[in-house]
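Structure record follows, encoded as structure tokens.
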């Protein structure tokens with residue numbers, strides 16, 4: 001076998017050995033999810049040829065994916081075990097000198113599940129004007145590794161490292177910080193001794209999250225900030241006698257929305273790139289170093305300077321491509337070791353996380369498991385994350401395939417021109433097959449062949465007879481109804497705390 005095939009087989013073996021309860025049924029479920037082509041609900045996955053058991057075993061695998069050993073036992077040990085398995089898929093950086101990770105959150109709508117605990121108001125995109133982009137349900141935080149790209153347009157692959165539910169009494173940034181701590185504090189992983197970069201949107205520019213970044217000397221955060229933020233320059237030291245009173249922490253203001261407050265930039269870089277449609281654009285990056293922001297109580301942000309980047313994109317004629325400016329900050333002890341070009345390209349790769357969420361919800365049914373147990377829902381999200389990691393592990397050995405209506409796409413015409421055959425048989429699902437760079441969708445189409453060829457470490461099912469079922473006259477009673485948790489305003493919290 002080739003190196004990629006050996007790596008895929010070893011990953012499946014390590015994944016199978018990391019499963020505690022119902023390992024055989026869980027492994028079949030992971031295979032069914034990664035090779036799903038027609039199921040529109042989780043229970044329909046039991047009809048897949050990759051799932052060799054009955055539909056009851058599907059729910060049994062989800063229910064027993066995590067079973068607490070003691071009353072005080074939590075999921076941390078098991079999640080750390082899965083993190084080590086999936087992190088082994090992240091390739092070592094080649095042209096850049098750091099590992100790249102991305103953090104983001106997405107919603108799980110469950111507005112009608114009254115018996116589901118810890119539901120709250122969560123964000124959900126809504127393009128309709130006048131309708132609030134919110135729903136009732138849960139939110140999940142995903143920390144993913146982002147493989148290095150060679151500069152050409154490549155599929156938006158990520159490697160799910162950790163997928164955790166965000167409790168209603170915590171913020172997404174706090175959960176993401178705990179995921180980063182678990183990743184970088186693990187001595188068995190190479191990230192504890194290497195340079196790492198994490199990218200995030202504007203929510204991760206909060207001082208509470210950036211303060212967590214300072215705990216790790218080998219971590220740099222590249223996050224986006226709003227255009228109305230106000231930062232400060234370094235204070236000018238006075239050579240005269242020291243005055244009494246509080247020392248001066250901040251210099252003059254520099255409002256991102258007020259161009260008159262800008263000082264002379266420390267660095268200006270212009271790079272060009274070509275979009276997927278062949279459009280040439282110029283990216284102008286302006287950098288100001290050693291900027292400061294205000295902190296909070298017990299968060300002395302005046303001790304941690306950072307670099308501010310202003311990005312504008314123009315076409316060949318010099319016309320702006322985007323109406324709004326993009327503002328990024330590079331935060332961390334080793335921020336000067338990250339070039340402004342690498343910081344911008346790293347943040348652009350953050351959008352692969354959006355593709356992961358969309359693919360997970362449309363193809364892997366990550367938000368389709370209906371249950372009244374919060375723990376079972378968390379189990380399902382972790383299982384789907386492992387299924388996506390298996391797709392990435394098979395991306396190097398999958399055969400690139402397309403449907404007849406996709407044969408004219410540039411992605412399938414990259415290697416050679418495709419000639420239209422005189423007839424296309426409807427019973428042949430693929431129009432063209434060849435090995436090469438594959439997308440998550442094309443790998444999913446080929447997973448049935450891959451697993452059939454390489455086999456599975458899971459054991460074949462054995463008939464166990466009929467279950468006795470519920471005893472006659474037994475009545476479990478109605479399930480408890482839980483209210484929707486709404487976070488109170490800051491003023492109400494202060495009033496409850498008292499003077």
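Of the residues in region 218-226, at least one is touching a residue at least 12 places away in the same chain (Cβ under 8 Å) and farther than 21 Å from residue 99 by Cα. Return the residue satisfying two criteria in turn: it lies in region 221-243 and is surrounded by fewer than 16 Cβ atoms within 10 Å (Cβ to Cβ) and within 17 Å of residue 295 (Cα to Cα), and of such residues it is farthest from the chain's Cα centre (by Cα). Result: 235. As a summary of the residue check, residue 297 satisfies the conditions (1) in contact with a strand residue (DSSP E or B) (Cβ under 9 Å, 6 or more places away or on another chain); (2) surrounded by fewer than 13 Cβ atoms within 10 Å (Cβ to Cβ); (3) within 30 Å of residue 236 (Cβ to Cβ) except for the one numbered (1).
Take residue 173 and tell me if it is without any contact (Cβ under 8 Å) to a residue 40 or more places away in the chain, surrounded by fewer than 19 Cβ atoms within 10 Å (Cβ to Cβ) and under 20 Å from residue 105 (Cα atoms). Please lay out each step first, then the result.
Working: without any contact (Cβ under 8 Å) to a residue 40 or more places away in the chain: yes; surrounded by fewer than 19 Cβ atoms within 10 Å (Cβ to Cβ): no; under 20 Å from residue 105 (Cα atoms): yes.
No; evaluated as a whole, the condition is false for this residue.
Counting the residues of region 227-243 that are touching a residue at least 40 places away in the same chain (Cβ under 8 Å) and either in a loop (DSSP other than H, G, I, E, B) or outside the structural domain of residue 210 (by TED's automatic domain parsing) (or both) gives 4.
Residue-level analysis places residue 159 outside the set of residues that are without any contact (Cβ under 8 Å) to a residue 24 or more places away in the chain and in contact with a strand residue (DSSP E or B) (Cβ under 8 Å, 6 or more places away or on another chain). Report whether or not residue 12 is in contact (Cβ under 8 Å) with a residue 24 or more places away in the chain, more than 26 Å from residue 395 (Cβ to Cβ) and surrounded by 15 or more Cβ atoms within 10 Å (Cβ to Cβ). Criteria not met by residue 12. Restricting attention to region 244-303 and to residues that are part of a loop (DSSP other than H, G, I, E, B), closer than 23 Å to residue 343 by Cα and modelled with pLDDT under 85, the residue that is farthest from the chain's Cα centre (by Cα) turns out to be 279. Taking the conditions exactly as written (farther than 26 Å from residue 195 by Cβ, in the same structural domain as residue 372 (by TED's automatic domain parsing) and surrounded by fewer than 18 Cβ atoms within 10 Å (Cβ to Cβ)), does residue 46 satisfy them or not? Criteria not met by residue 46. The criterion of being outside the structural domain of residue 372 (by TED's automatic domain parsing) and surrounded by 23 or more Cβ atoms within 10 Å (Cβ to Cβ) holds for residue 141. The set of residues in region 100-151 being in a loop (DSSP other than H, G, I, E, B) and closer than 27 Å to residue 219 by Cβ consists of 146, 147, 148, 149, 150, 151. All of 10, 14 fail the test of being part of a helix (DSSP H, G or I), out of contact with any helix residue (DSSP H, G or I) (no Cβ under 7 Å at 6 or more places or on another chain) and outside the structural domain of residue 213 (by TED's automatic domain parsing), apart from 10. Of all residues in region 21-36, those satisfying the criterion of being touching a helix residue (DSSP H, G or I) at 6+ places or on another chain (Cβ under 7 Å) and in a loop (DSSP other than H, G, I, E, B) are 22, 35, 36. Screening residue 167 on (1) touching a strand residue (DSSP E or B) at 6+ places or on another chain (Cβ under 8 Å); (2) surrounded by fewer than 17 Cβ atoms within 10 Å (Cβ to Cβ); (3) touching a residue at least 40 places away in the same chain (Cβ under 8 Å) shows it passes everything except condition (1).
Answer with yes or no whether residue 66 is modelled with pLDDT under 95 and either within 23 Å of the chain's Cα centre (by Cα) or under 24 Å from residue 441 (Cβ atoms) (or both). Yes: the conditions hold for residue 66.
When region 129-156 is limited to residues that are without any contact (Cβ under 8 Å) to a residue 40 or more places away in the chain and in contact with a strand residue (DSSP E or B) (Cβ under 8 Å, 6 or more places away or on another chain), the one that is nearest to residue 390 (Cα to Cα) turns out to be 141.
Inside region 480-499, can you point out the residues that are at pLDDT below 90 and either within 29 Å of residue 109 (Cβ to Cβ) or outside any loop (DSSP other than H, G, I, E, B) (or both)?
486, 487, 488, 489, 490, 491, 492, 493, 494, 495, 496, 497 - these are the residues of region 480-499 that are at pLDDT below 90 and either within 29 Å of residue 109 (Cβ to Cβ) or outside any loop (DSSP other than H, G, I, E, B) (or both).
Of all the listed residues (449, 433), the sole one being in contact with a strand residue (DSSP E or B) (Cβ under 7 Å, 6 or more places away or on another chain), farther than 27 Å from residue 84 by Cβ and either at pLDDT 90 or above or part of a strand (DSSP E or B) (or both) is 433.
A quick yes/no check of all residues on (1) on the phi > 0 side of the Ramachandran plot; (2) assigned to a strand (DSSP E or B); (3) assigned by TED's automatic domain parsing to the domain that holds residue 113; (4) under 19 Å from the mean Cα position of the chain (by Cα):
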position	(1), (2), (3), (4)
312	no, yes, yes, no
336	no, no, yes, no
344	no, no, yes, yes
353	no, no, yes, yes
368	no, no, no, yes
377	no, no, no, yes
381	no, no, no, yes
385	no, no, no, yes
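The values are calculated or read from the model by the stated rules, or taken from the named source; none is laboratory data. Just so we're clear, the structure is a prediction, and the values are computed from it rather than from any experiment. Note that each Cβ is placed from the backbone with ideal geometry, even for glycine, and that neighbours are counted across all protein chains shown.
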